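Colleague: To start, I am sharing the structure in question, which I have written as structure tokens.
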Amino acid sequence: AQSVTQLDSHVSVSEGTPVLLRCNYSSSYSPSLFWYVQHPNKGLQLLLKYTSAATLVKGINGFEAEFKKSETSFHLTKPSAHMSDAAEYFCVVRTLEYGNKLVFGAGTILRVKS
Amino acid sequence: ETGVTQSPTHLIKTRGQQVTLRCSSQSGHNTVSWYQQALGQGPQFIFQYYREEENGRGNFPPRFSGLQFPNYSSELNVNALELDDSALYLCASSLGGSNSPLHFGNGTRLTVT
């Protein structure tokens with residue numbers, strides 16, 4: 001079974017409009033969840049992480065994510081997109097079930113139109 | 001604070017050859033892990049080292065091997081290269097522990113022809 005699923009391979013928004021990138025995970029254990037961003041020809045940068053504290057997590061650059069256990073989701077949002085947000089975003093899960101290694105989703109490419 | 005640095009940035013090899021990729025961890029980090037990111041896919045875990053010992057491995061064959069040195073820098077070695085080994089190889093360092101975030105380098109782009 002897929003351990004982390006990013007529901008959209010591509011998302012396109014206009015500058016100034018909200019961003020929603022969807023992620024669902026599967027795990028029998030309490031997971032740690034992360035969102036990473038990757039700009040072209042760059043490494044991965046951590047946006048935010050959830051590690052069993054507050055379910056609404058605030059990250060860098062205005063991004064947030066909410067952990068919903070009942071829905072096994074960890075969707076990433078931002079109220080207003082900026083051109084510089086155009087990049088690929090990865091939802092990542094880490095649990096004992098997967099040997100505590102990071103398991104990445106397939107990624108969502110965010111395009112921001114002017 | 002020095003971030004994670006990887007070398008070389010790009011590399012072209014021929015099928016059957018061997019390659020060594022290098023990584024310098026972020027200052028103070030004792031754990032390093034390596035990931036393979038094929039084109040259009042998310043990174044896949046290769047293995048992790050903690051204090052010079054391998055302490056986790058993904059679904060990669062034995063021709064993928066690694067080392068971690070006393071200064072916590074690391075190498076990834078791949079023998080008998082195959083065309084499918086063409087990918088971006090990412091190194092990440094952390095303080096260890098399940099809640100420690102990983103800090104990634106910019107990667108080495110390996111092309112096997």
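The values are calculated or read from the model by the stated rules, or taken from the named source; none is laboratory data. The model shown is predicted, which means the values in this text are computed figures rather than measured ones. Positions of Cβ are backbone-derived with ideal geometry, glycine not excepted, and every protein chain shown enters the neighbour counts.
Colleague: Can you tell me which residue is farthest from A:Phe34 (Cα to Cα) among those in the stretch A:72-107 that are in a strand (DSSP E or B) and more than 14 Å from chain B (Cβ to nearest Cβ)? Lay out the reasoning, then the answer.
Modeller: The first filter runs over the stretch A:72-107 and keeps only residues in a strand (DSSP E or B), leaving A:73-78, A:87-94, A:103-104.
Next cut, more than 14 Å from chain B (Cβ to nearest Cβ) only: A:73-78.
Numbers: A:Ser73: 12, A:Phe74: 9, A:His75: 10, A:Leu76: 10, A:Thr77: 13, A:Lys78: 15 Å.
Filtering first and then ranking leaves A:Lys78.
Colleague: Checking the conditions here, which among A:Ser26, A:Ser30, A:Ser52 is more than 13 Å from A:Thr77 (Cα to Cα), surrounded by fewer than 20 Cβ atoms within 10 Å (Cβ to Cβ), free of Cβ contacts under 8 Å to residues at least 24 places away in the same chain and small (Gly, Ala, Ser)?
Modeller: The conditions single out A:Ser52.
Colleague: Same structure, new question: Among the residues that make up the stretch B:50-68, is at least one of them in contact with a helix residue (DSSP H, G or I) (Cβ under 9 Å, 6 or more places away or on another chain) and within 11 Å of another protein chain (Cβ to nearest Cβ)?
Modeller: Looking for residues that are in contact with a helix residue (DSSP H, G or I) (Cβ under 9 Å, 6 or more places away or on another chain) and within 11 Å of another protein chain (Cβ to nearest Cβ), one finds none in the stretch B:50-68, hence no.
Colleague: Also: Would it be correct to say that B:Tyr89 is at pLDDT 95 or above and either under 23 Å from A:Lys42 (Cα atoms) or surrounded by 13 or more Cβ atoms within 10 Å (Cβ to Cβ) (or both)?
Modeller: yes
Colleague: Among what's in the stretch A:80-114 and is acidic (Asp, Glu) and either touching a residue at least 60 places away in the same chain (Cβ under 8 Å) or touching a Lys or Arg at 6+ places or on another chain (Cβ under 8 Å) (or both), pick the residue that is nearest to B:Tyr35 (Cα to Cα).
Modeller: A:Glu97
Colleague: Please pick out the residue among A:Ser80, A:Ser84, A:Ser73 that is under 30 Å from B:Val32 (Cβ atoms) and of a type outside the set (A, V, I, L, M, F, W, C).
Modeller: A:Ser84
Colleague: Confirm whether A:Ser52 is out of contact with any strand residue (DSSP E or B) (no Cβ under 7 Å at 6 or more places or on another chain), away from chain B (no Cβ under 14 Å) and not in a helix (DSSP H, G or I).
Modeller: Spelling it out, it is not the case that A:Ser52 is out of contact with any strand residue (DSSP E or B) (no Cβ under 7 Å at 6 or more places or on another chain), away from chain B (no Cβ under 14 Å) and not in a helix (DSSP H, G or I).
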